[in-house]
1. In the same structural domain as residue 106 (by TED's automatic domain parsing), assigned to a loop (DSSP other than H, G, I, E, B), over 18 Å from residue 131 (Cβ atoms) and in contact with a strand residue (DSSP E or B) (Cβ under 8 Å, 6 or more places away or on another chain): does that describe residue 216?
2. Answer yes or no as to whether residue 106 is in the same structural domain as residue 225 (by TED's automatic domain parsing), buried (at least 17 other Cβ atoms within 10 Å of the Cβ) and more than 21 Å from the chain's Cα centre (by Cα).
3. Given (1) at positive phi; (2) modelled with pLDDT under 90, where does residue 140 come up short, assuming only one miss?
4. Can you tell me how many residues in the range 163-185 are surrounded by fewer than 19 Cβ atoms within 10 Å (Cβ to Cβ) and out of contact with any helix residue (DSSP H, G or I) (no Cβ under 9 Å at 6 or more places or on another chain)?
5. May I ask you to verify whether residue 236 is in contact with a helix residue (DSSP H, G or I) (Cβ under 6 Å, 6 or more places away or on another chain), more than 22 Å from residue 152 (Cβ to Cβ) and modelled with pLDDT of 90 or more?
6. Show me the helices (runs of 4 or more DSSP H) entirely contained within the range 117-204 in which 2 or more residues are under 24 Å from residue 217 (Cα atoms) and over 17 Å from the mean Cα position of the chain (by Cα).
């Protein structure tokens, strides 16, 4: 059975270059083409890697519901790995961009409360489960990073391990209060102003990438290329669509 796992992983590596696998606390095991070389970043990652090997060598095929039928192991294993890819075990990052046009200069009275709370909210994000990365400059935020020639247009760009982690921070933390109060600091936008998409692990999306996704969702609605919390797509669907 291990040979079948090796064969399937090699096929994925052949098409994608390398496959990062996240274990405990987001540490990474990196599968590469040459004989499935393994880059282990920590003891936790090593344990996770050997757990995968154990499952591949010793465990019977297990279906997503935990019930193995004991028949046709290779076929079951194909289905199992498809399930795990879909669930994000062989994971990518989940990126969010949120753009908005502020009602006044960042150092003006209208934006004073918003500006004063940037550091605490950003610190909350960085300490939240699933946080990976956020766009920032030497000021520790992104309010000075140009999006277009319009200096009042701001971008908030981040990467999270899962869409559920991102949703929890956005709507189930102290950040939620600022979502509710958006109209106090930002113009009402007539077009879609945020979207989510998958990025390869370790990739930090650029402002240009983010704005392209915003333009795409405005033109085409939610798709695996750019989607919303309400209409989500899985890693497997993004891969099938050729956008990951």
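1. no
2. yes
3. Among (1) at positive phi; (2) modelled with pLDDT under 90, the lone unmet condition for residue 140 is (2).
4. Adding up the residues that qualify gives 9.
5. On the way: in contact with a helix residue (DSSP H, G or I) (Cβ under 6 Å, 6 or more places away or on another chain): yes; more than 22 Å from residue 152 (Cβ to Cβ): yes; modelled with pLDDT of 90 or more: no.
No, not satisfied.
6. The qualifying helices (runs of 4 or more DSSP H) are 175-180.
The values are calculated or read from the model by the stated rules, or taken from the named source; none is laboratory data. From a predicted model like this one, the values you see are computed outputs, not experimental measurements. Neighbour counts are summed over all protein chains in view; Cβ atoms, including those assigned to glycine, are modelled from backbone coordinates with ideal geometry.
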